[in-house]
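Have a look at the structure below, then the notes.
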Amino acid sequence: MASKETINRDEFIKNDYEDPTVEKVLTKKDLNKMAWRSLLLQASFNYERMQGGGWTYSLLPGLKKIHKNKNDLRSAMLDHLQFFNTHPFLVTFIQGVILAMEENKERRDTIRGIKVAMMGPLGGIGDALFWLTLLPITAGIGASLAASGNIAGPLLFVIVFNIVHFALVFGLMHYGYNAGTKAVLSLKESTKKISRAASIVGLTVIGALVATYINFKFGIKIHAGSINVDLQKGVIDQIMPQLLPLLYTFFCYWMLKKGRSPLTLIGVTVVIGILGSLFKLF
Amino acid sequence: MLIQALLIGIWAGIAGIDLFNGLTHIHRPIFTGFVVGLILGDWQTGLIAGATLELVWAGMVPLAGAQPPNVVIGGIIGTAFAILAHQDPKIAVGVAVPFAVAVQSCITLLFTIYSPVMHKMDNYAVNGNTKGIDRLNYLGPIILFIFYFIISFLPIYFGADKAEVIVNALPKWLISGLSVAGGIMPAVGFAMLMKIMWKGSYAPFFAVGFILAAYLKMPILAVAILGVAVAAYDFFMGSGKSDDGDKVKVAPVNDDLEEDYSNGI
């Protein structure tokens, strides 16, 4: 890149504003526009600043409207272009709070501090709520329908998932903006309770998924004299149905805990499948 | 075949953008499997293959910045293979995963290459060029579209007819072995979820879910609703207060921007 020369941030980013007039300029329409733009939060994702570029991109219409002074706008843009990373479904909540602060012409270091303090916890909550709860549940239900050839499976999945998704993206933008800095306090109090509730639902469902969706049975019959015993139906099913899936899941869990990569486990699983069918175990 | 390969390429491009932008999750195998099935004229096989691949990728979500094998290419190539080579979707898993791993390393490379673009954005900010920042942000999805288009067009256009020949030449135990492995594979995904979420005090909830499904054969939705009820009871009784070792990291409140908050994405 031709633009490698480093910019002296201190020269441009000022804590106070040249034009400190406080004025409510953002309309509901502006907020919705920025919520739409937040869908491109990860468009310029990279390992140096992660979502920093997309974050600034989605805030731009608001920043332009709030900071009519050129130097103030430059200071705000450069400040926001730094490292940023959070969960894409919850980002609009941070945006709402930050926009309320920008409009109120809070000091830059305060805005930056709030932004950085919020992105970590929200990233963790988002992972627990969406990647580990909403997605497995909606996709699991959709897949169980689709597996039996029902066309409603994929459609139901996409519709239910996006009702939650877009309700959050737009709802949280307005909620964050209205709550302003007060929201930060209410978030801190319930962070742990929300993530605990999500984990309870998630693990209950994972327990059921393990029992339902892993297909791992013995196909071997034991010959004891003149008696034939079907190992799976005659023995294991009598003790605990789906014992093998349960044991194998915990084996994988243990391997992951020991620092093995998921790819190793995929390789191990393929080897087990091939060896098992070579010796006619399964 | 050219038209179908082109359509699948375009669909892969759209799904590839959705994986990082928009996030409507039309990129999940359950949906891409159905669409690929429609394009190839066998939506029923597409549905079933998509459902199988979806479960394999159940736990493979982007957690704490770690990138799992690429779900877009895995779902699309896996389904296309199952339909074109007339194979059981479970075998398609064995074909899809190595492909998806290779693609993901390319994506990692792309994220590395995109870092210098941020310095360009800095320059635009200094000059007050907001349109320039917009443009650089639009450039990312365009690159992704072209990348996914090529990656899925080529194997479908050139390898579709060969795929069946290759599979027929394979020994029986290998095919049935891959099928067995495909059936077990969801265990890896579930274990990945558990690695993040598991805590001794949550074990009873896992056990309840397992017992309801294994012994009582209850459907997943019923178990999920019961889980919500239990979680709501727990939430309102406030037992979350005594809970300290939560997995959710609460960031220290300070102004140090150099801290690594590798959550999200």
Item checked: Sites A:GLN238 and A:VAL164, calculated FRET efficiency, Cβ-Cβ separation with R0 51 Å, nearest 0.05 -> 0.75
Next item on the list: Note down the Stokes-Einstein diffusion coefficient of region B:199-242 in µm²/s, whole number, using a Kirkwood radius over alpha carbon pairs, 37 °C, and 0.692 mPa s.
Entry: 292 µm²/s
Next item on the list: Would you mind checking the tilt of helix A:52-66 against the longest principal axis of the Cα atoms of chain A, expressed as 0 to 90 degrees and rounded to 10?
Entry: 30 degrees
Item checked: the protein assembly as shown - Rg and Dmax from Cα coordinates, angstrom -> 25.0, 96
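If we count every other residue with Cβ under 10 angstrom of A:ASN71's Cβ, Lys/Arg +1 and Asp/Glu -1, where does the sum land?
On the way: positive: A:LYS14, A:LYS70, A:ARG74; negative: A:GLU18, A:ASP19, A:ASP72.
That works out to 0.
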Margin query: Can you give me the distance in nm between label points at B:ASP134 and B:TYR157, each placed 7 Å from the Cα along the Cα-to-Cβ direction?
Written below: 3.4 nm
Notebook entry, point to check: Which residue fluctuates the most in chain A, going by a Gaussian network model with Cα springs under 10 Å, if the choices are A:ASN228, A:ASN69, A:ASN178?
Noted result: A:ASN228
Notebook entry, point to check: Modelled label-to-label distance, A:VAL229 and A:ASP19, 7 Å Cα→beta-carbon offset: nm?
Noted result: 8.6 nm
Margin query: So if I take the centroid of the Cα atoms in region A:131-145 and the same for region B:90-144, what is the distance between those two points in Å?
Written below: 28 Å
Notebook entry, point to check: Taking only Cα atoms, what is the 0 to 90° angle, nearest 10, from helix A:182-213's long axis to the longest principal axis of chain A?
Noted result: 20 degrees
Check: With chain A treated as a Gaussian network of Cα nodes joined by springs under 10 Å, which of A:ASP109, A:ASP237, A:ASP72 yields the largest mean-square fluctuation?
Finding: A:ASP237
Note to self: Only Cα pairs within less than 10 Å get springs; with that Gaussian network setup on chain A, which residue of A:LEU59, A:LEU265, A:LEU209 has the largest fluctuation?
What the structure shows: A:LEU265
Next item on the list: Report ³J(HN,Hα) in whole Hz for each residue of region B:36-43, in order, from the Karplus equation J = 6.51 cos²θ - 1.76 cosθ + 1.60 where θ = phi - 60°; Gly and Pro get x.
Entry: 4, x, 4, 4, 8, x, 9, 5
Checklist line | Listed residue pairs exceeding 21 Å between alpha carbons, taken from A:LYS29/A:LYS115; A:LYS70/A:LYS115; A:LYS233/B:LYS199; A:LYS28/A:LYS193; A:LYS217/B:LYS172 | finding: A:LYS29/A:LYS115; A:LYS70/A:LYS115; A:LYS233/B:LYS199; A:LYS28/A:LYS193
Note to self: Roughly how far apart, in whole Å, are the Cα centres of region A:30-59 and region B:186-205?
What the structure shows: 32 Å
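Given a Förster radius of 35 Å and the C-beta distance between A:THR264 and A:LYS221 as r, what FRET efficiency does 1/(1 + (r/R0)^6) yield to the nearest 0.05? Numbers along the way, then the final one.
Values: r = 33 Å, r/R0 = 0.93.
Approximately 0.60, to the nearest 0.05.
To two decimal places, what compactness ratio does region A:9-211 give when its Cα radius of gyration is scaled by 2.2 N^0.38 Å? Don't skip to the end; give the middle numbers.
On the way: Rg = 19.1 Å, N = 203, 2.2 N^0.38 = 16.6 Å.
Working it through for region A:9-211, the quotient is 1.15.
Report the FRET efficiency, 1/(1 + (r/R0)^6), for B:LYS199 and B:LEU109, where r is their Cβ-Cβ distance and R0 is 35 Å, rounded to 0.05.
That pair, B:LYS199 with B:LEU109, gives E of 0.45.
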Check: By how many degrees, 0 to 90 and rounded to 10, does the Cα axis of helix A:243-257 deviate from the longest principal axis of chain A?
Finding: 40 degrees
Notebook entry, point to check: Mind checking the log10 I(q)/I(0) for region A:142-282 at q = 0.13, 0.14, 0.20 Å⁻¹? Debye, one equal scatterer per Cα, no solvent, two decimals.
Noted result: -0.91, -0.99, -1.29
Check: How much mean residue ellipticity at 222 nm does the protein assembly as shown get from its helices, if each DSSP H run of length 4 or more adds -39500 (n - 2.57) and you divide by all residues, to the nearest 500 deg cm²/dmol?
Finding: -22500 deg cm²/dmol
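No value in this document is a laboratory result; all are computed from the given coordinates. None of these values were measured; they are calculated from a predicted model. Reconstructed Cβ throughout: ideal geometry from the backbone, glycine too, with neighbour counts over all protein chains shown.
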